[in-house]
Protein chains: 4
Amino acid sequence: MANSKWEYVKNFEQPDNLLPNTWIVVRLDGRGFTKFANKYAFEKPNDRAALDLMNEAAKLVMTDIPELIIAYGVSDEYSFVFHKTCNLFERREGKLVTTIVSTFTSYYIFLWSKYFPNKPLSPPLPSFDGRAVCYPSVSNLRDYMSWRQADCHINNLYNTTFWALILQGGMDNYQADQALLGTVSSQKNEILFSQFGINYNNEPEINKKGSVIFRDYELVEPGSHNAAAEAEDLAEPVPQSKTQAEKEKKKRAKAKVVIEHLDIIKDDFWDRRPWILSNKPGKTPKEG
Amino acid sequence: MANSKWEYVKNFEQPDNLLPNTWIVVRLDGRGFTKFANKYAFEKPNDRAALDLMNEAAKLVMTDIPELIIAYGVSDEYSFVFHKTCNLFERREGKLVTTIVSTFTSYYIFLWSKYFPNKPLSPPLPSFDGRAVCYPSVSNLRDYMSWRQADCHINNLYNTTFWALILQGGMDNYQADQALLGTVSSQKNEILFSQFGINYNNEPEINKKGSVIFRDYELVEPGSHNAAAEAEDLAEPVPQSKTQAEKEKKKRAKAKVVIEHLDIIKDDFWDRRPWILSNKPGKTPKEG
Amino acid sequence: MANSKWEYVKNFEQPDNLLPNTWIVVRLDGRGFTKFANKYAFEKPNDRAALDLMNEAAKLVMTDIPELIIAYGVSDEYSFVFHKTCNLFERREGKLVTTIVSTFTSYYIFLWSKYFPNKPLSPPLPSFDGRAVCYPSVSNLRDYMSWRQADCHINNLYNTTFWALILQGGMDNYQADQALLGTVSSQKNEILFSQFGINYNNEPEINKKGSVIFRDYELVEPGSHNAAAEAEDLAEPVPQSKTQAEKEKKKRAKAKVVIEHLDIIKDDFWDRRPWILSNKPGKTPKEG
Amino acid sequence: MANSKWEYVKNFEQPDNLLPNTWIVVRLDGRGFTKFANKYAFEKPNDRAALDLMNEAAKLVMTDIPELIIAYGVSDEYSFVFHKTCNLFERREGKLVTTIVSTFTSYYIFLWSKYFPNKPLSPPLPSFDGRAVCYPSVSNLRDYMSWRQADCHINNLYNTTFWALILQGGMDNYQADQALLGTVSSQKNEILFSQFGINYNNEPEINKKGSVIFRDYELVEPGSHNAAAEAEDLAEPVPQSKTQAEKEKKKRAKAKVVIEHLDIIKDDFWDRRPWILSNKPGKTPKEG
């Protein structure tokens, strides 16, 4: 080949396969979204159309990449989880992260006009960066998910109060910041209620809990499965029969991918949906 | 903080800063573009609109990220090069790669309708994966660029002949493959010329050479600069005065980003554009 | 400082902290030990003094580095295991591996004359290389240990038969190799027994099972502890009180480090010694 | 194989090949050598026997591993440099580092009794940790070497003055520390000269400059070679003829490995010994 004398440069590529038997979380974040939100006049503290756009893009990523078991989003960030037995792209970090980031970006731009019909995009366009993190145990993974959802709650309570002080209370940003300095949750709740008649508990679930996306099957009785233990048992690579694998793949493809706003910190969410951690498709729910 | 007990999961994030003083190449590739090209009936062997779309997206990436010094594209792949002194995102691999992949994807989707007004996109959408590779020396970097351009030439000569055999010669894919098995360049040139009256040399430069994108300044006399040596001398971090840095930044922002189809294997391209390897902006060319 | 202008070279050091919450195995191997064994006329197939030297060196490594929970050795290799909660050297791979390799080498050379009083060392001296591997789950770790012990068995059965054919059967290396080609375990057992009157089961345990080193406490009833599950529960960093940590440290320091030749593939070994996986010191055994 | 069901654990081993075309520095450091120096009553501020032992061990490492081009040592640390074209162990970091650390440790223990005949070693024994760092350019490598030698100078001047204040001036550690707080080089020189009649310039070169080890050939005229440029030209892998490689190997094996105490910061050292950076053996010097 004419290019053979240069081909040695391929040797500079470094392998980046992630440690086997660990849960892979790929989290993406909007780049410069504060500025971006201002440019397109996103509503404060939460712009519903912007959240719905994030969610639909994420749902389509989940649909395109069936190896994903769950995704969790809040604000301009989204976390996608690969099962610890996943071997997509031989677990090459770069491939996994860029595929998700690119697919998400693609849908985000494509769907923009559906959610913002009157706000055409113009350069510089929105974009996202991303990273992968490995978690060795179910506990670590669930703690990661809890961390993101707790963060959602903390930020949303702050932002709800902050923007109430500004939009309804007439403060400027500095004054609102000062008013909230050092306050704990109960005090923010109190400000919202006493000054603005807002009961934080009645705020939309999507704002308080963020969004969780997963394949939907029939819920099971809590306690009837031990998905975490089942998952740990998958430590060794158990060769699955091809028929079985094919059957599961079909079931997974048929399953409805849903967007919910549920508590994912407590056990209940996971106990009733053992298929998320076990990666074994559940029972397809009966249509109503 | 309420989420402090879960925050330990941040410790699982691994640093990924790339080795200092090395040229960083980020290459992205279309995912499943053979299928994608069929879906949108791209012309064979080269669809000019598809190439122009790649090029404009890449040009906008270069414009958005001034730390990039050059980009080279062919078919559904694009390589972007950061100067070896670049410290963007502290050289974190994940940030660099995902930012480029996401920005490129964003523009690709956004610009699609401009180049394919009659072919609206529908899911699954185009997406790209990417990776970063470090090259320690100017020679390595130039060998990388030469490798990609030589590959462009080899593939394009093959594809041009292959599709001539099919589209003009009436062969099917298998027959065309067989006809070309084991042929060298001169034989493919001969087939093109004797059977189809095609002089490969007259094929469009964009197909034969691919596309190179860079900031344009006034060309210098070859031999008047030694950019490679200058670049090696930048091994140590030389603290630049803020005024100087600011001045260069402005010059860079004013420079026109151009798309050309030039030979980047020979020295001439680099000798006449010393600013690419030295990262010192050249003289702004006079308008005609 | 006079050296400040060169200090930037420290930035080229790359972090190498191993993923938290994973079991770290450091395995070292003798470099060129076939040649080395010949130079010092090691007995075939197993030189007891050489094995005892390996074992004492490994035991002293275990004693010097209390963060190690178990070690397993066979022939010229030794595997040392850090508990998954271990934070020694902030889990920096280079520090962990080189410390173990260097400490082991140090004792090996130091103790040489004790085991080989009549064979003084001369350059080139024995040395060892090493590597670290992370295992996310107890199953993975136990499978690693089983793999090494199964390997010990396979190699020892082969070597025992091979050297019987040579030393007692009068074959040369090539003939012995040919005689064993394609034989399974039962056939090797049969050769040993019928041709040489050797019952493989009566071979020394150290040769058949290798050597396992651990801190010794009072054995517990199998089934009374679930160490593996306990270990999984340690996923989150549970801050231990200083008093408790100090107490455990003292207990660990007082514990006797023992070298045994036991089956570590079956559950029994682990069930009766829950302290190995739980990292909580057991009961100090009563002196006889 | 009986162990095949466990063999999957090998997949958890991560590749660690270092970036090609970069200079590899492996630096090792004594572990806890302050305490160790006290245990064996090393002379302050420099124990000549201890330095000579370090140097002989390092020289033997250089001799055993001909791929090393230079080594530099000071106090209880030693840096070993592989040429950037070196492909030993496929540039696997773990192999390179542990081999050097283990070989060095081996010689250190072995030679101990030669340098300290009256101070037999006893556990815990001396050991060393190590790490590898890659440097892309000759400038970076030389800056690394300069950094270490400048550090040697700074520390030695400090220690010489500190111990003069204690051993000759009758101060305790705290007083000596206080006396030197904030002093610059000239002030330490002044203290040495005026208070103790010590002219720092007359101190032994080994203390002021550290030790540099390399293969010795006939010195060349400065300016007659450009080794740095030659080294950069080796960016691409130039396949060497086997005869040529064999010839160079023999020359290298015949070359005398020397320990010197020279300035390696200035150009002169490198200019007169072009073989160090070019990796092409020089002319064997005539015997006197």
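At-a-glance table
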quantity: All positions within the range C:56-67 that are under 20 Å from C:ARG148 (Cα atoms) and either within 13 Å of chain D (Cβ to nearest Cβ) or assigned to a loop (DSSP other than H, G, I, E, B) (or both); calculated: C:GLU56, C:ALA57, C:LYS59, C:VAL61, C:MET62
quantity: Answer residue from the range B:68-99, given it is in a helix (DSSP H, G or I) and either of a type in the set (Lys, Arg) or more than 25 Å from A:VAL26 (Cα to Cα) (or both) and is nearest to the other protein chains (Cβ to nearest Cβ) among those; calculated: B:LYS95
quantity: Residues located in the range D:145-179, provided they are among the acidic types (Asp, Glu), more than 10 Å from chain C (Cβ to nearest Cβ) and not in a loop (DSSP other than H, G, I, E, B); calculated: D:ASP177
quantity: Residue among B:ALA235, B:ALA245 that alone is under 14 Å from B:LYS280 (Cβ atoms) and either modelled with pLDDT under 95 or over 25 Å from the mean Cα position of the chain (by Cα) (or both); calculated: B:ALA245
quantity: Tally, over the range A:1-46, of residues that are within 26 Å of B:ASN155 (Cβ to Cβ) and either of a type in the set (D, E, K, R) or modelled with pLDDT under 95 (or both); calculated: 8
quantity: Number of the exception - C:TRP23 against (1) facing chain D (nearest Cβ under 8 Å); (2) among the aromatic types (Phe, Trp, Tyr); (3) closer than 26 Å to C:ALA150 by Cβ; calculated: (1)
quantity: The range B:27-41, residues that are among the aromatic types (Phe, Trp, Tyr) and either assigned to a helix (DSSP H, G or I) or closer than 22 Å to B:VAL212 by Cα (or both); calculated: B:PHE33, B:PHE36
quantity: Sole exception among (1) surrounded by 14 or more Cβ atoms within 10 Å (Cβ to Cβ); (2) under 30 Å from A:HIS83 (Cα atoms) for A:LYS188, by number; calculated: (2)
quantity: In the range C:19-53, residue farthest from B:THR22 (Cα to Cα) [restricted to those that are in contact (Cβ under 8 Å) with a residue 60 or more places away in the chain and polar (S, T, N, Q)]; calculated: C:ASN46
quantity: Filtered residue count, the range A:100-138, keeping only those that are within 7 Å of another protein chain (Cβ to nearest Cβ) and free of Cβ contacts under 8 Å to residues at least 60 places away in the same chain; calculated: 11
quantity: Qualifying residue in the range C:83-93 (condition: in contact with a Pro (Cβ under 8 Å, 6 or more places away or on another chain) and of a type in the set (A, V, I, L, M)); calculated: no
quantity: D:ASP16 vs. criteria within 11 Å of chain C (Cβ to nearest Cβ) and either buried (at least 24 other Cβ atoms within 10 Å of the Cβ) or in contact (Cβ under 8 Å) with a residue 40 or more places away in the chain (or both); calculated: yes
quantity: Condition met for B:ILE264 (assigned to a loop (DSSP other than H, G, I, E, B), β-branched (Val, Ile, Thr) and under 21 Å from the mean Cα position of the chain (by Cα)); calculated: yes
quantity: The listed residue being more than 19 Å from C:THR63 (Cβ to Cβ), loosely packed, with under 13 Cβ neighbours inside 10 Å and among the basic types (Lys, Arg), out of C:LYS250, C:LYS283; calculated: C:LYS283
quantity: Selected residue (criterion: surrounded by the fewest Cβ atoms within 10 Å (Cβ to Cβ)) from residues of the range C:26-55 that are of a type in the set (D, E, K, R) and within 10 Å of another protein chain (Cβ to nearest Cβ); calculated: C:ASP29
quantity: Any chance B:ILE198 is at pLDDT 95 or above and closer than 24 Å to B:TYR78 by Cα; calculated: no
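Every residue, every condition in (1) of a type in the set (Ser, Thr, Tyr); (2) closer than 19 Å to C:PHE214 by Cβ; (3) under 12 Å from the mean Cα position of the chain (by Cα), yes or no:
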{"residue": "C:LEU68", "(1), (2), (3)": "no, yes, yes"}
{"residue": "C:VAL81", "(1), (2), (3)": "no, yes, yes"}
{"residue": "C:ARG92", "(1), (2), (3)": "no, no, no"}
{"residue": "C:TYR107", "(1), (2), (3)": "yes, yes, no"}
{"residue": "C:SER113", "(1), (2), (3)": "yes, no, no"}
{"residue": "C:ARG142", "(1), (2), (3)": "no, yes, no"}
{"residue": "C:ASP151", "(1), (2), (3)": "no, no, no"}
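The values are calculated or read from the model by the stated rules, or taken from the named source; none is laboratory data. This structure is a prediction, so every number in the text was calculated from the model and none was measured. Positions of Cβ are generated from backbone atoms using ideal geometry, with glycine treated the same way; all protein chains shown enter the neighbour counts.
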